[in-house]
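As structure tokens, the structure follows; a few thoughts come after it.
The values are calculated or read from the model by the stated rules, or taken from the named source; none is laboratory data. For clarity, every value in this text was computed on a predicted model and none was experimentally measured. Quick reminder, even Gly has a Cβ in these numbers, built from the backbone with ideal geometry, and neighbours come from all protein chains shown. For the accessible areas, the whole protein counts, side chains as well, though only heavy atoms, and no ligand, DNA or RNA atoms are used. Shrake-Rupley method; radii C 1.70, N 1.55, O 1.52, S 1.80 Å.
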Amino acid sequence: MRHFLDFEKPIAALEGKIEELRHLGGNSGMNIAEEIGKLQSRIDKELAQTYKKLGPWEKVQVARHPERPKMVQIIEHVFDEFIELSGDRAYAEDYAIIGGMARLRGRPVVILGTEKGSTTEQRVKRNFGMVRPEGYRKAIRLMALANQFNLPVISFVDTAGAYPGRGAEERGQAEAIARAIQSCLGLKTPLISAIVGEGGSGGAIALAAGNRVVMFEHAVYSVISPEGCASILWRSGDKAQTAAEALRLTAQDMHALGVIDQIVEEPLGGAHRNIDTALQNLATSIEAQLQDLSVMDAEALIKDRREKYLNMGDKALI
Amino acid sequence: MNWITNSVLPKIKALVQSSDVPENLWIKCPSCSQMLFHKDYQEAFNCCSTCGHHTPLAPEERFKLLYDADSYETLEVSVRSDDPLKFKDSKRYPERLKATRTKTGTQDAIAVAKGSIGGKPVVIAAFDFRFMGGSMGRTVGDGLLLAADTAVAENAALIVVPSSGGARMQEGILSLMQLPRSILAVEKVREAKLPYIVLLTHPTTGGVTASFAMLGDIQLAEPGAIIGFAGRRVIEETVREKLPDDFQTAEYLQEHGMVDMVVARTEQKQQIDAILSMLMEARAA
């Protein structure tokens, strides 16, 4: 059973009708193909119209959709081979980040990505994609491995933010994030980051200070969650929608502000409606970005990142 | 209501307030409630003579506390007044900036100065918590870059004194981008093999701790300062447990291995001088 978002109600109703027809057709033997075809084209039209004009708050819902492609699926669909590597060598393994070596259309790379989990059990194991210090320290360790063996790094971000917990604070959450950003900036090989779902604040930029940053069409990227922003600036969590609009967190705004380099198109009705197509688009985008960077040596790559982030903030929305 | 009441009067008030005339002769310590003679309290750089409580210190006072007498000059940070996101909560961002500038008499949440400590060249960038909670937007990033570039150009040590709630929400994603940007600033100092000291003061949280503020060669903290990534309330709501009373204090961080030492204001200049002597002497040799 598909999970429908609030603004998808008309689509849910049409899909319900198709189900009903299929059920009826199966019993009566009448020809329903034509009717289903008509309904399907209405659904497609409705989806196209709805998703073309999604507002920031609706995009937040899509980005958080429980069926949105996760790191586990990215590994399966984008990469040919995967060797998972675990642990920070200091304290623990953090399941909220998956890391290891993989092949991108044949080419060996190091990959890192936050994973929210798809079932209740998985979500608990993955801490809902909220990373602890050991997760960022694992990322730092894998970036060092990439440096050592001249492997590009591809990072994927889908997190509400770094985990706000007692142990996380005691083990230096802030320091771990700061060092992870420092590692991204100092990497001697290409770093391509993809914002695939939620790009939540410090927990996101920790992995995403790349040479190139790509972002799914309906993903969001923000300094604070709309709910958090609303409770601070409007003193009411109910104003999350207003805050989402004010924060300019869409891929389109990110592109206009020069924060990301490319928007990756999602299939009709969002990435969750056709995961394979979505992830093939993502793979194609990453491969092209990597191709562009492959002419640069270590010094040029570091300089490229440095200039990118030093100059950021000079562009404004019109 | 006219331009005099709206614009001129607040400016005059700001001018008067920033002078040395104390509003009250006596001041109550916010921690132990002891009544303190204002002049003594100021001379002790906002420290309570009874309980030792450290109340936030404005950048200008911090410079006086740390620098050799008459050795420093403040540097002008280029100020951004634009509104890249067209951000509006109860006020438009440019209006909020303007009102805060009028009220505080300062341009943004950072001040930069160069001078000497024990005769050694030092650049200090100090946050001003009174300015929108010391929040880090592009101007603060610019200030940190100015401080780092000046330190490198003048072969000086860099000291940053954060006091900030974190990133400036009104600049949205561009404030998050100050995390890598500020790290690049302090990396310049590191590459030049010049000392970079962080003096964490109350409060230092959010995106500021998750960037340059945790990357010092030496990490100092003021007694009692709250330092952390997530806020106490957010953590309590997430983990549903009561946190220790001293959670996220400078002393708690030292116990957990996150800072080198907790240093009272009375000792800071001497301690920094001693640290710089060691670091810079070996470097010169």
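The figures follow:
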quantity: Single match in B:Ala185, B:Ala213 (criterion: in contact with a Leu (Cβ under 6 Å, 6 or more places away or on another chain) and within 24 Å of A:Leu310 (Cα to Cα)); calculated: B:Ala185
quantity: Test: residue in the range A:200-209 that is away from chain B (no Cβ under 11 Å) and touching a helix residue (DSSP H, G or I) at 6+ places or on another chain (Cβ under 7 Å); calculated: yes
quantity: Yes/no for A:Phe156 being aromatic (Phe, Trp, Tyr), open to solvent by 10 Å² or more (accessible area, probe 1.4 Å) and modelled with pLDDT of 95 or more; calculated: no
quantity: Hits in the range B:253-270 - residues which are within 13 Å of chain A (Cβ to nearest Cβ), surrounded by 20 or more Cβ atoms within 10 Å (Cβ to Cβ) and assigned to a helix (DSSP H, G or I); calculated: B:Leu253
quantity: Elements of type helices (runs of 4 or more DSSP H) in the range A:194-270, at least 3 residues being closer than 16 Å to A:Tyr309 by Cβ; calculated: A:201-208
quantity: Hits in the range A:44-99 - residues which are surrounded by fewer than 17 Cβ atoms within 10 Å (Cβ to Cβ) and hydroxyl-bearing (Ser, Thr, Tyr); calculated: A:Ser86, A:Tyr91
quantity: Condition check for B:Ala148: at the interface with chain A (Cβ under 10 Å from one of its Cβ atoms), open to solvent by less than 10 Å² (accessible area, probe 1.4 Å) and not in a strand (DSSP E or B); calculated: no
quantity: Matching residues, the range A:47-77, being part of a helix (DSSP H, G or I), of a type in the set (A, V, I, L, M) and under 16 Å from A:Pro267 (Cα atoms); calculated: A:Leu47, A:Ala48, A:Val62, A:Ala63, A:Ile74
quantity: Scope the range A:289-310; condition exposed (fewer than 14 other Cβ atoms within 10 Å of the Cβ) and free of Cβ contacts under 8 Å to residues at least 12 places away in the same chain; matching residues; calculated: A:Gln291, A:Val295, A:Asp297, A:Glu299, A:Ala300, A:Lys303, A:Glu307
quantity: Subset of the range A:140-175 that is assigned to a helix (DSSP H, G or I), closer than 21 Å to A:Gly117 by Cβ and among the hydrophobic types (A, V, I, L, M, F, W, C) - its residue that is nearest to the other protein chains (Cβ to nearest Cβ); calculated: A:Ala168
quantity: Residues being surrounded by 14 or more Cβ atoms within 10 Å (Cβ to Cβ) and either among the hydrophobic types (A, V, I, L, M, F, W, C) or under 23 Å from B:Thr150 (Cα atoms) (or both) - total across the range B:80-115; calculated: 14
quantity: Some residue of the range A:225-233 being within 17 Å of the chain's Cα centre (by Cα) and away from every other protein chain (no Cβ under 12 Å); calculated: no
quantity: Residue identified as surrounded by 17 or more Cβ atoms within 10 Å (Cβ to Cβ) and at pLDDT below 95 among A:Gly313, A:Gly270; calculated: A:Gly313
quantity: Residue match in the range A:260-276 (condition: of a type in the set (A, V, I, L, M) and within 14 Å of chain B (Cβ to nearest Cβ)); calculated: yes
quantity: Pairs with Cβ under 7 Å, 6+ apart, first in the range B:80-100 and at the interface with chain A (Cβ under 7 Å from one of its Cβ atoms), second open to solvent by 30 Å² or more (accessible area, probe 1.4 Å) and in a loop (DSSP other than H, G, I, E, B); calculated: B:Asp82/A:Ala316; B:Pro84/A:Ala316; B:Leu85/A:Arg248
quantity: Matching residues in the range A:184-199 - criterion: being more than 10 Å from chain B (Cβ to nearest Cβ) and either among the small types (Gly, Ala, Ser) or over 29 Å from A:His65 (Cα atoms) (or both); calculated: A:Leu187, A:Lys188, A:Thr189, A:Pro190, A:Ser193, A:Ala194, A:Gly197
quantity: Residue in the range B:59-71 that is assigned to a loop (DSSP other than H, G, I, E, B), among the acidic types (Asp, Glu) and loosely packed, with under 15 Cβ neighbours inside 10 Å present; calculated: yes
quantity: Members of the range A:112-153 that are β-branched (Val, Ile, Thr), farther than 21 Å from A:Arg171 by Cα and open to solvent by 10 Å² or more (accessible area, probe 1.4 Å); calculated: A:Thr119, A:Thr120
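Residue by residue, here is whether (1) more than 8 Å from every other protein chain (Cβ to nearest Cβ); (2) among the hydrophobic types (A, V, I, L, M, F, W, C); (3) closer than 25 Å to B:Ala274 by Cα holds:
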position	(1), (2), (3)
B:Leu184	no, yes, no
B:Lys188	yes, no, yes
B:His202	yes, no, yes
B:Ala210	no, yes, no
B:Met214	no, yes, yes
B:Asp217	yes, no, yes
B:Ala221	yes, yes, yes
B:Ala230	no, yes, no
